[in-house]
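Asks: Quick one: structure below, then a few questions.
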Amino acid sequence: MMETPRTPLQPSTFRNVITVLSIDGGGIRGIIPGIVLAFLESQLQFCYRCTQKLDGEEARLADYFDVIAGTSTGGLVTAMLTAPDDQNRPLFAAKDIKDFYLHHCPKIFPQNCCPFSAALKLVKSLSSPRYNGRYLHKLAKEKLGETRLHQTLTNVVIPTFDIKNLQPIIFSSYEEKKNRQVDALLSDICLGTSAAPTYLPAHHFETKDFVGTSKEFHLIDGGVAANNPALVAIGEVTKEITRGSQEFVSIRANDYTRFLVVSLGTGSHKCEEKYSAQNAAKWGVLGWLAADDSSPLIDAFTDASGDMVDFYLSAVFKALKCDDNYLRIQDDTLVGELCSVDTATKANLENLVRVGEELLKKQVSRVNWETGRFEPVKQKTNEEELISVAEKLSKEKRLRDLKSPHGKVEEKMNP
């Protein structure tokens, strides 16, 4: 059968639900959601359940989500999925994310193999970031070039934190339409949101609006503000609704039942007693910044940020009796080097690939509000649930194409 020509996702004016994809921060652990995203995109191309082509090999995640949000490493993945190539299609397919991480992470986070590497990291962290960030800077500029926020193939939301003004800065496609000063280069946004304190240097750049008014940004890791950006993405859509945007004329600002949210974590270590009050009670500044080759302070604020968002969204979607509209995929059983955001050895990266593959086979889970642990809530696996999500996304896109005067050509060619 002839490949169906791709049409952009029609505005939410022609839709039943607002589709949101969210990707947490987590350094090299971005491989884990990368594996999940590759599976979801493959299902949009070819449905394993019905063993037939769904939307064709050229289907990409940006064709189906109204907004894709990402923090830190999730911001990098967001840019990969939404930046246009020369054919105005996504720069990367989801299946390319794994190889991208396997190839580039060892160069972004070069490993010192000497017996005293942990001690050397600690000493270096006292006076400068562990890594100089030059390779990541070069990589971002080469891959993303002059692409700016307004050019992404679907709406994006990427949180960062301005260290000069001590406030979150959200780079949002919705906000960019009203404030051209946030229309920054995607490469600069990615370098800002991934600048994890003690790991990579803060990133500074300027933008100008149409009349030449400049704005400075002094950015560090978006995980300081929102390591799990799902709620930020929903908030940006809600702001658009309250502003009376024509894209959402039929939606109420507080109608969460109209959202379909896929939120992907990068793994955590809830099952491992990594720290204890007995140890923490003895820490000074150095202990909080670096203990056992990790940073307890950074671990604390990123885990807390991600968990609080999940707690809230789980409660809201459950209260509204639309649990199936919120899918959180997270592995909280990581131990040892798997917990690291920067141990970019070949063995550890390959183990993270296996974690992602095994996560697909695990049962759909929800966080237990009392214990904070993920517990199975369905007999279905994450893989099976993603197949259902792919079918919902495909159906939603077809409905929008049918209703929109701009999408009827595809519907006629593939009834």
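Asks: Would you work out which of Ile251, Leu352, Phe39 lies farthest towards the positive end of the dipole of the chain, given +1 charges on the beta-carbon of Lys and Arg and -1 on that of Asp and Glu, about the Cα centre?
Replies: Ile251
Asks: Which Cα, out of Ala300, Phe205, His104, lies furthest along the positive dipole direction of the chain (beta carbon charges, K/R +1, D/E -1)?
Replies: Projecting each Cα onto the dipole axis, the largest value belongs to Phe205.
Asks: Taking the Cα centre of the chain as origin and charging only Cβ (+1 Lys, Arg; -1 Asp, Glu), how large is the dipole, in debye to the nearest 20? Could you put the intermediate results ahead of the total?
Replies: Details: 50 positive and 54 negative charges, 87 e Å.
Computed about the Cα centre, the dipole is about 420 debye.
Asks: If you don't mind, there's one more thing I want to ask. Taking only Cα atoms and a 10 Å spring cutoff, compute GNM fluctuations for the chain and point out the largest among Ala69, Ala277, Ala59.
Replies: Looking only at Ala69, Ala277, Ala59, the largest GNM fluctuation is found for Ala277.
Asks: For the pairs Lys138/Lys177; Lys362/Lys392; Lys95/Lys177; Lys178/Lys208; Lys141/Lys239; Lys321/Lys361, note any where the Cα-Cα span goes beyond 24 Å.
Replies: In this structure, Lys138/Lys177; Lys95/Lys177; Lys141/Lys239; Lys321/Lys361 lie more than 24 Å apart at Cα.
Asks: Can you give me the accessible area per residue for the chain, using a 1.4 Å probe, in Å²? It would help to have the intermediate numbers written out before the result.
Replies: Values: 18430 Å² over 415 residues.
Per residue, the chain has 44 Å² of solvent-accessible surface.
Asks: Using a 10 Å Cβ count of at most 15 others and DSSP loop calls, identify the longest part of the chain lacking such chymotrypsin sites (Phe, Trp or Tyr not before Pro).
Replies: Working: sites that count: Tyr48, Phe116, Phe210, Trp283, Trp369.
Here the longest segment lacking exposed loop sites spans 117-209.
Asks: Would you compute, from DSSP H runs of 4+ residues alone, the mean residue ellipticity of the chain at 222 nm, taking -39500 (n - 2.57) per run and dividing by the full residue count, rounded to the nearest 500? Write down the numbers at each step before the final one.
Replies: Values: 15 runs with 164 residues, N = 415.
It lands at -12000 deg cm²/dmol.
Asks: Top to bottom by accessible area (1.4 Å), largest first, where do Met80, Met308 land?
Replies: Ranked list, largest accessible area first: Met308, Met80.
Asks: Over the chain, what is the relative contact order in percent, taking alpha-carbon pairs closer than 8 angstrom and at least six residues apart?
Replies: Details: 796 pairs, mean separation 98.7, N = 415.
Over the chain, the number comes to 24 percent.
Asks: Given the options Thr78, Thr147, Thr193, state which has the largest fluctuation in a GNM of the chain using a 10 Å cut-off (strictly under) for Cα springs.
Replies: Thr147
Asks: Sticking with this structure for a sec: Determine how large the accessible area of Lys208 is when every protein chain is in place; take a 1.4 Å probe and give Å² rounded to the nearest 10.
Replies: It works out to around 140 Å².
Asks: For the range 298-348, with all protein chains present and a 1.4 Å probe, just round the carbon and sulfur fraction of the accessible area to a whole percent.
Replies: Carbon and sulfur atoms account for 64 percent of the accessible area of the range 298-348.
Asks: Between Ser128 and Val211, what is the label-point separation in nm under the 7 Å Cα-to-beta-carbon projection?
Replies: Inter-label distance under the simple model: 4.2 nm.
Asks: Among Leu286, Leu186, Leu334, whose mean-square fluctuation peaks in a Gaussian network model of the chain (Cα, cutoff 10 Å)?
Replies: Result for the chain, Cα springs under 10 Å: Leu286 fluctuates most.
Asks: Just to be sure I understand: of the beta bridges DSSP finds with both ends in the chain, what percent are antiparallel, rounded to 5?
Replies: 60 percent
The values are calculated or read from the model by the stated rules, or taken from the named source; none is laboratory data. Model, not experiment: these values are computed from the prediction. With ideal geometry, Cβ positions are generated from the backbone for all residues, glycine too; neighbour counts draw on all protein chains shown. Just so you know, the surface numbers come from the protein's heavy atoms only, side chains and all, with ligands and any DNA or RNA stripped out. Shrake-Rupley method; radii C 1.70, N 1.55, O 1.52, S 1.80 Å.
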